[in-house]
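Okay, so here's the structure we're looking at.
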Amino acid sequence: MTQDVHIIGGGLAGSEAAWQLGRRGFRVRLSEMRGTGERSPAHQGDGLAELVCSNSFRSDDDEKNAVGLLHHEMRRCDSLIMSAAAKAQVPAGTALAVDRDLFSAEVEARLAALPNVEIVRERVDTLPDTGTTIVATGPLTAESLAGSIGRATGADSLAFFDAIAPIVYRESIDMDVCWMASRWDKGETKDYINCPMDKDQYLAFHRGLVEGEKTAFKEWEADTPYFDGCMPIEVMAERGVETLRFGPMKPVGLDNPHWATPEHPNGRWPYAVVQLRQDNKLGTIWNMVGFQTKLKHAEQVRLFRTIPGLENAEFARLGGLHRNTFINSPILLDRQLRLKTAPHVRFAGQITGCEGYVESAAVGLMAGLMTATQLAGGEWQSPPRTTALGALLSHITGDAEAESYQPMNVNFGLFPPLHDVKKKQRKEAYTERAKLEIAPWLDALTPA
Ligand SMILES: Cc1cc2nc3c(=O)[nH]c(=O)nc-3n(C[C@H](O)[C@H](O)[C@H](O)COP(=O)(O)OP(=O)(O)OC[C@H]3O[C@@H](n4cnc5c(N)ncnc54)[C@H](O)[C@@H]3O)c2cc1C
């Protein structure tokens, strides 16, 4: 069979992309290296769309939860991953959890039943020079292909590890305690949100970092390097009680106006400062600068809420450090997930810098739809930014800050804000708006 599209990687994203194309009649070659005797260190079997860790697709609540809304939108796009999940569902309260073997078998059977989808067990070592291609090889892309991607994108734009600092919703930061300023600010570039600490607060916080429970690296991650500038905050803290005050928590040049006195009308420098930097163009989410960490998630929430001004912080993402191959999509990809320098190649799944099973599948779904539209000679319309699909796509392909780009789950911080709606009703308002605005986009999709 000659192919219209070559999809590399039969994980969540690649399988979903193959389904979207296959059911629209396009000929797909789906190359998956498992089944050749080779596997990534996390995969256990050879089935397509293997869930490498948890068996949960997280919350299925499409009224108050962004990932639940993403489920809803994917179902409306006839997602293979969502329908296989329904078939393999196991009880898990409001979460959507599955029997992972049944799930994988269902995905594979549905794809195998499409006569125009050819599943080939092979490892692909280089990016094809020609031909419509979707690369969906995931966070543990085989080394040879990763090398080829690195050569095509520039080594600086391909990461092999993430170093995730927590991200906080802007509206949950107490600005009666924090203030906007850049270090040595003369009033012109108030780019950072600053959280002030006195000496006792700093010492208690330092102790919390050193003593807090950490997540261990997996055996095959043991050689995870601590690059300059992304060392975990607790490792830095272990080097000495003053290290952070000369590093990310340096207070110099930061007059706190809330501490102004007649002698110090501009305020005084705190003993230590936690800084947050804007993380998306909407200004709705802010990352804690230099706070990449392997502290356990519950520990992060507890400890970071002791930071003055963050007592009620809501986190769009918590910190982490993992082996994870991903590209700097906001710089490298166009709005249709195509490599700007080689537009016959699209990227999909976690390698684009989204995070999570559902998000990876959702980006695979969109890559499939984009490719189908292109092959049919149509004009692609992105899903509205007010939808979960649109918010995720906008984040990956342009809205995220490229300089600090790190993997991201879907969350309401990626949606255009609804400031006029009361906070209590905001989540429902986001999902209601999304459900309304996705309808005309669905109607205009290339039919199956
Ligand atoms: C250890 C670990 C645990 C995770 N746990 C969770 C979790 O619990 N919940 C969650 O939501 N997310 C989790 N993730 C994150 C992520 O969502 C999943 O990894 C998800 O599977 C990504 O989907 P994907 O389709 O992009 O990649 P994958 O599902 O990994 O699929 C990529 C496929 O490409 C194949 N491949 C790689 N290189 C080649 C090549 N050169 N040629 C041909 N085939 C190739 C691989 O064998 C694989 O089948 C985890 C990630 C890791 C690494």
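The values are calculated or read from the model by the stated rules, or taken from the named source; none is laboratory data. The structure presented is a predicted model; accordingly, all values stated were derived computationally and were not measured. We place every Cβ from the backbone using ideal geometry, glycine too, and count neighbours over all the protein chains shown.
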Please indicate, with yes or no, whether at least one residue in segment 426-448 is in contact with a Gly (Cβ under 9 Å, 6 or more places away or on another chain), in a helix (DSSP H, G or I), surrounded by 14 or more Cβ atoms within 10 Å (Cβ to Cβ) and acidic (Asp, Glu).
yes
Exactly one condition in (1) in the same structural domain as Gln275 (by TED's automatic domain parsing); (2) without any contact (Cβ under 8 Å) to a residue 60 or more places away in the chain is not met by Ala204; state its number.
(2)
Restrict the check to segment 12-30 and report whether at least one residue is within 11 Å of the ligand (Cβ to nearest atom) and assigned to a loop (DSSP other than H, G, I, E, B).
no
Considering residues of segment 16-44 that are of a type in the set (Ser, Thr, Tyr) and modelled with pLDDT of 95 or more only, the residue farthest from Leu375 (Cα to Cα):
Thr36
In segment 71-93, which residue that is in a helix (DSSP H, G or I) and not aliphatic (A, V, I, L, M) is farthest from the ligand (Cβ to nearest atom)?
Arg76
Of all residues in segment 325-353, count the ones that are surrounded by fewer than 17 Cβ atoms within 10 Å (Cβ to Cβ) and either of a type in the set (Phe, Trp, Tyr) or more than 17 Å from the chain's Cα centre (by Cα) (or both).
6
Tally of residues being hydrophobic (A, V, I, L, M, F, W, C), surrounded by 18 or more Cβ atoms within 10 Å (Cβ to Cβ), touching a strand residue (DSSP E or B) at 6+ places or on another chain (Cβ under 9 Å) and more than 16 Å from Ala237 (Cβ to Cβ) across segment 274-324
8
In the list Ala112, Ala92, which residue meets the criterion of being under 30 Å from Leu436 (Cβ atoms), small (Gly, Ala, Ser) and not assigned by TED's automatic domain parsing to the domain that holds Lys218?
Ala92
Given segment 283-396, what helices (runs of 4 or more DSSP H) lie entirely inside it while holding 2 or more residues that are small (Gly, Ala, Ser), touching a residue at least 12 places away in the same chain (Cβ under 8 Å) and in contact with a Ser or Thr (Cβ under 9 Å, 6 or more places away or on another chain)?
357-375, 388-394
Taking the criterion of being within 24 Å of Glu118 (Cβ to Cβ), touching a His at 6+ places or on another chain (Cβ under 8 Å), of a type outside the set (Gly, Ala, Ser) and surrounded by fewer than 22 Cβ atoms within 10 Å (Cβ to Cβ), would at least one residue in segment 55-74 satisfy it?
no
Output the residues belonging to segment 48-70 that are near the ligand (Cβ under 9 Å from one of its atoms) and part of a loop (DSSP other than H, G, I, E, B).
Leu48, Ala49, Glu50, Leu51, Val52, Cys53, Ser54, Asn55
Candidate set from segment 33-45 (those that are more than 7 Å from the ligand (Cβ to nearest atom) and under 17 Å from Pro139 (Cα atoms)); member that is farthest from the chain's Cα centre (by Cα):
Glu38
When segment 1-11 is checked residue by residue, the ones that are more than 8 Å from the ligand (Cβ to nearest atom) and in a loop (DSSP other than H, G, I, E, B) are Met1, Thr2, Gln3, Asp4
So which residues in segment 361-382 are among the small types (Gly, Ala, Ser), closer than 16 Å to Leu333 by Cα and within 10 Å of the ligand (Cβ to nearest atom), if there are any at all?
Gly364
Strands (runs of 3 or more DSSP E) within segment 150-216 that include 2 or more residues surrounded by fewer than 20 Cβ atoms within 10 Å (Cβ to Cβ) and of a type in the set (Lys, Arg):
none
Please verify whether segment 185-200 includes one or more residues that are of a type outside the set (Asp, Glu) and either within 13 Å of the ligand (Cβ to nearest atom) or not assigned by TED's automatic domain parsing to the domain that holds Arg245 (or both).
no
Checking the structure you have, find out if any residue of segment 201-218 is closer than 19 Å to Ala260 by Cβ and of a type in the set (A, V, I, L, M).
no
Any idea which of (1) outside any strand (DSSP E or B); (2) in the same structural domain as Ala13 (by TED's automatic domain parsing) is the one Glu118 doesn't satisfy?
(1)
